[in-house]
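**Q** My questions will all concern the structure given below.
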Amino acid sequence: MENYQQLKEWREEKIKSVSSDHYELNRFHDVLMKKIVQIALKEVESEWGKPPTHFAFFVMGSAGRSEQSVWSDQDHGIVYDGENVTFKDYFLKVGEEITKGFAVTGYEKCDGNVMASNPYWCKSTLQWEKQILEWLDEADWEALRYFSTFFDSRVLVGDANILLNLKQVAFSKLAEIPSLYQRLYENVGYIKKGLGIFGQLLPEEKGTDAGTINIKQTIFFPYVNSLRLLALLEKIPEASTLERFQRLSEEYKTIKKYQADFLKLLNYRLYFQKETVSYQKVHLLQVKSMSSREKASLKELIKNGRKLFKETKEIIDQRCSR
């Protein structure tokens, strides 16, 4: 059987060959992450026995949305059926082992501890239902940020219906209190400015990141956040931004036209990250190294992302005023 170190070596050997195509790269990440989880489960089973109940291990963030770059950190959780206290001990052990396996293989630990090794992200079905409702009842900045993180999730290993049922709990709650859509919009309302008043790119001026633009904060977020909000509005459980675009009805013609921009952005990012050697630098674009054509293309993607975000707000406002 493979071990984590062998998977790390396989990743290092293979990843460059898939790093120029968004779909190939994310298929590779999925295969690799599933192998890690299977090894972790076998490791826990050797000491604790087989899983005592149905469960799902799910990934969130860029992994949840199938939007990973060459380098990616960890965002994941576990949901399991039943309230037996021994179940929690078992699945926390699974979460710890998976977190370790991911780290050894090259996925950095999440700074915010959004990982299945943390009891906050490893809960029973009933505890998760309660957590989702608490987040939406509190509706403060942190609670809604956690909820948005959770919603960008998909099952990697285990019973996909368990997670789907949890998302249905969220859809029902939001339908009861439509004003929550506006709160969720406000929660992601800040967009880091990428263009000046004369249409020029605005790279960082000071510090170690001087001369760079953070592609995640400046360009990605408007697209990702807009489609998450619309997925919540239209009860679309899929986590991928591209799938969310596709699942929107023809009523959203003006929104769907931005799908091509987002796919372009995904591959554009990979092109500029060819030489990146660490997760810390993966979102930074060196403006000076870009050609005039590349800069023009980047400006267009920034402008269109802001237009999409504005149109999304108008749709939410209209829906909430009915």
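**Q** Just name one of 128, 301, 166: the one whose Cα is farthest towards the positive end of the charge dipole of the chain (beta-carbon charges, Lys/Arg +1, Asp/Glu -1).
**A** Farthest towards the positive end: 301.
**Q** If you don't mind, there's one more thing I want to ask. Given the options 302, 213, 191, which has the most mean-square fluctuation in a GNM of the chain, springs set between C-alpha atoms less than 10 angstrom apart?
**A** Between 302, 213, 191, it is 191 that shows the largest mean-square fluctuation.
**Q** Once you order the gyration tensor axes a ≥ b ≥ c over the Cα atoms, which shape class does the range 80-202 get: rounded for a/c under 1.5, otherwise prolate or oblate by comparing a/b with b/c? Display every interim value, and only then the final one.
**A** Working: a/c = 2.63, a/b = 1.35, b/c = 1.95.
Note, shape of the range 80-202 comes out oblate.
**Q** Pop out the ³J(HN,Hα) list for the range 62-67 in order, Karplus 6.51 cos²θ - 1.76 cosθ + 1.60 with θ = phi - 60°, rounded to Hz; leave Gly and Pro as x.
**A** 5, 5, x, 8, 6, 10
**Q** Taking the beta-carbon count within 10 Å as an exposure proxy, list 16, 303, 93 from fewest neighbours to most. Don't jump to the answer; show the numbers that get you there.
**A** Working: 16 10, 303 14, 93 17.
Exposure proxy ranking, most exposed first: 16, 303, 93.
**Q** Sort the range 184-320 into rounded, prolate or oblate with this rule: let a ≥ b ≥ c be the square roots of the eigenvalues of the Cα gyration tensor; rounded if a/c is under 1.5, and if a/c is not under 1.5, prolate when a/b is larger than b/c, oblate otherwise.
**A** Details: a/c = 1.99, a/b = 1.77, b/c = 1.12.
Prolate is the answer for the range 184-320, as a/c is 1.5 or above and a/b outweighs b/c.
**Q** Taking neighbour Cβ counts within 10 Å as the exposure measure, how do 317, 73, 209 sort from fewest upward? Can you show the working numbers first?
**A** Numbers: 317 12, 73 21, 209 16.
Fewest-to-most ranking of 317, 73, 209: 317, 209, 73.
**Q** Taking square-rooted eigenvalues a ≥ b ≥ c of the alpha carbon gyration tensor, is the range 4-176 rounded, prolate or oblate, where a/c under 1.5 means rounded and, failing that, a/b exceeding b/c means prolate? All intermediate terms of the calculation are to be shown ahead of the outcome.
**A** Details: a/c = 2.08, a/b = 1.30, b/c = 1.60.
Taking the square roots of the gyration eigenvalues as a ≥ b ≥ c, the range 4-176 is oblate.
**Q** With N denoting the number of residues in the chain, provide Rg(C-alpha) divided by 2.2 N^0.38 Å, to two decimal places. The partial results should precede the final answer.
**A** Values: Rg = 20.2 Å, N = 322, 2.2 N^0.38 = 19.7 Å.
Cα-based Rg divided by the globular estimate yields 1.02.
**Q** Please find, in a Gaussian network model of the chain (springs between Cα atoms separated by less than 10 Å), the residue of 257, 235, 192 whose mean-square fluctuation is greatest.
**A** The residue that fluctuates most here is 257.
No value in this document is a laboratory result; all are computed from the given coordinates. Since we're looking at a predicted model, the values are computed, not measured. Because the Cβ atoms are built from the backbone with ideal geometry, glycine has one as well, and the counts that use them run over all protein chains shown.
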